[in-house]
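Chemist: Dumping the structure here so I can ask a few things about it.
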Amino acid sequence: MTDVTQITEALRQHPSIRSKLSISKATDALGLGQEDEGRPGDDAAILKRPDGGYDLLAGEGFIPAFVKSDPWFAGWCGVMVNISDIAAMGGRAVGLVDQVWAPDPEVAKSLMQGLHDAATAYGVPILGGHTNFSTAELNLAVSIFGRAEALITSFDAAADDIIIAAIDMNGAYRNFDNFFAAEDKAPADLRSNLEILPRLAGKGWVKAGKDISQGGIAGTALMLAECSGIGIDLDLDQIAPPAGVTHERWMRSFPSFGFLLSVSPKHVKAVCDEFSANGICAEAIGRVFDGSSVRFHSSQEMAAFWDYQTEPYLGLGKKELAHA
């Protein structure tokens, strides 16, 4: 039987969940809130084009310990997670720029190979960037540009929507809680899977969602709930981890292909079928309700995970500069 209370408490205190609390400190310093241009809190910044479409900008910086422990994988992730952010918005990636720091080219070699391998596999070019080969440690940041014709945002989940988790389960853990399902996949399959998101956005079947990022299903659901100003109830009985993986670990895991989508009940089957046709597991795992909390339940028990009105998670309400 799933111990909902134990899972809830463990996740509330886990560093992968609590790391997102630092976002509010950065936005406070910059005076940014979700009503500002680009809409901070989304997976990519949105810039409306005169032709009616959207330009998308995103970026990722990496924890130095992660880069040091597995530089090739860090390079791959620099590409992969940025492309995922663009797809989560209903967009298609156009190009990347990297920022690499290293003591010398040899130390950076494996990281650069990971960047190259992923960019080649996903078919998104690295257009340039910034490189410094005279620093004490290896470090990495990557930025991306994309475009969308129709958007999936973090701000448009509505009461009575169904929450769908779409995850490529054909992988294994690599480096902490990263569930990697991309290394052995054919490039055509990687690209085809990502194309599902802009297709769904164009059909109007998905208006809200996020890619499952650091913090896993639990943290991503909380970010989606706070951005949209709604509550989310997740059914742990409907969330099936890979064989041998506990619910607690799976709820905080970072899959290489994973999205939480808020979908009108009338579109749930069609959305799941789109992913299933590509071998992606897509299941209804919860619902949206009027409220301000994320809750977990099973057939036996319910527990409140987080109430963002009581304890803001992203804290992206209207901001004044911290030093003003």
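Chemist: Report the percentage of all Cα-Cα pairs in segment 209-324 whose separation exceeds 21 Å, rounded to a whole percent.
Modeler: Values: 2727 of 6670 pairs.
When every Cα pair of segment 209-324 is considered, 41 percent fall beyond 21 Å.
Chemist: Report, in degrees rounded to the nearest 10, the 0 to 90 angle that the Cα long axis of helix 105-122 makes with the longest principal axis of the chain.
Modeler: Tilt relative to the chain: about 50 degrees.
Chemist: Cα gyration tensor of segment 226-284, axes a ≥ b ≥ c as square roots of the eigenvalues: rounded (a/c below 1.5), prolate (a/b > b/c) or oblate?
Modeler: Working: a/c = 1.82, a/b = 1.13, b/c = 1.60.
Oblate, since a/c reaches 1.5 and b/c is not below a/b.
Chemist: I've got another one for you. Pop out the ³J(HN,Hα) list for segment 235-251 in order, Karplus 6.51 cos²θ - 1.76 cosθ + 1.60 with θ = phi - 60°, rounded to Hz; leave Gly and Pro as x.
Modeler: Calculated HN-Hα couplings, in order: 9, 5, 5, 9, 9, 9, x, x, 3, x, 9, 6, 4, 4, 5, 5, 5 Hz.
Chemist: Measure up Lys203/Lys269; Lys48/Lys207; Lys20/Lys210; Lys20/Lys48 against 19 Å on the Cα-Cα distance and list the ones that go over.
Modeler: Numbers: Lys203/Lys269 14 Å; Lys48/Lys207 17 Å; Lys20/Lys210 15 Å; Lys20/Lys48 27 Å.
As for pairs spanning more than 19 Å Cα to Cα, those are Lys20/Lys48.
Chemist: Now for a different question. Relative contact order, percent, of the chain when contacts are C-alpha pairs under 8 Å separated by at least 6 residues?
Modeler: On the way: 753 pairs, mean separation 82.3, N = 324.
Once divided by the residue count of the chain, the mean separation gives 25 percent.
Chemist: Now for a separate question. For Ile232, what residues show an amide H to amide H distance below 5 Å, using hydrogens built from the backbone and excluding near sequence neighbours?
Modeler: Sorted by chain and number, the residues that satisfy this are Phe289, Ser293, Val294, Arg295.
Chemist: Using alpha-carbon pairs under 8 Å, 6+ residues apart, how would you state the relative contact order of segment 115-228 in percent? Mind showing how you got there, number by number?
Modeler: Details: 74 pairs, mean separation 41.1, N = 114.
Reported relative contact order: 36 percent.
Chemist: Return one number: the angle in degrees, 0 to 90 and rounded to the nearest 10, between the long axis of the Cα atoms of helix 187-203 and the longest principal axis of the Cα atoms of the chain.
Modeler: For helix 187-203, the angle is close to 50 degrees.
Chemist: Compute the distance in nm between two label points, each set 7 Å from the Cα along the Cα-to-Cβ direction, one at Ser110 and one at Phe155.
Modeler: Modelled inter-label distance: 4.2 nm.
Chemist: A further question on this structure: When ligands, DNA and RNA are left out and all protein chains stay put, how many square angstrom of accessible area per residue does the chain have with a 1.4 Å probe?
Modeler: Details: 13710 Å² over 324 residues.
Per residue, the chain has an accessible area of 42 Å².
Chemist: Based on the Cβ-Cβ distance of Ser69 and Gln300, what FRET efficiency does E = 1/(1 + (r/R0)^6) give at R0 = 35 Å, to the nearest 0.05? Mind dumping the intermediate values first?
Modeler: Working: r = 39 Å, r/R0 = 1.12.
Taking R0 as 35 Å, the efficiency between Ser69 and Gln300 is 0.35.
Chemist: Of the listed values [x] 20.1, 59; [y] 20.7, 64; [z] 19.0, 58, identify the label whose number matches Rg and Dmax of the Cα atoms in Å calculated from this model.
Modeler: [z]
Chemist: Using only alpha carbon pairs under 8 Å that are at least six residues apart, calculate the relative contact order of segment 1-82 and give it in whole percent.
Modeler: On the way: 43 pairs, mean separation 10.3, N = 82.
Reported as a whole number, the value is 13 percent.
Chemist: Give the carbon-plus-sulfur fraction of the accessible surface of segment 131-260 in %, rounded to a whole number; probe 1.4 Å, heavy atoms of protein chains only. Please list the in-between numbers first.
Modeler: Numbers: 2140 of 4500 Å².
C and S atoms contribute 47 percent here.
Chemist: Give me the distance between the Cα centres of segment 20-86 and segment 94-147, rounded to whole Å.
Modeler: Taking the Cα centre of segment 94-147 as reference, the centre of segment 20-86 is 16 Å away.
Chemist: Check cross-link reach from Lys109 to the aspartates and glutamates: straight Cα distance under 18 Å, and skip same-chain residues fewer than eight apart.
Modeler: List returned: Asp70, Asp98, Asp117, Glu137.
Chemist: Give the angle, between 0 and 90 degrees and rounded to the nearest 10, that separates the Cα long axis of helix 4-13 from the longest principal axis of the Cα atoms of the chain.
Modeler: 40
Chemist: Going by amide H atoms built from the backbone, whose H comes under 5 Å of the H on Asp43, apart from near neighbours?
Modeler: HN-HN under 5 Å from Asp43: Ser154.
The values are calculated or read from the model by the stated rules, or taken from the named source; none is laboratory data. Values in this document were obtained by computation on a predicted structure and should not be read as measured data. Cβ atoms come from the backbone with ideal geometry, glycine included; neighbour counts cover every protein chain shown. Calculation scope for accessible area: heavy atoms of the full protein, side chains included, ligands and nucleic acids excluded. Shrake-Rupley method; radii C 1.70, N 1.55, O 1.52, S 1.80 Å.
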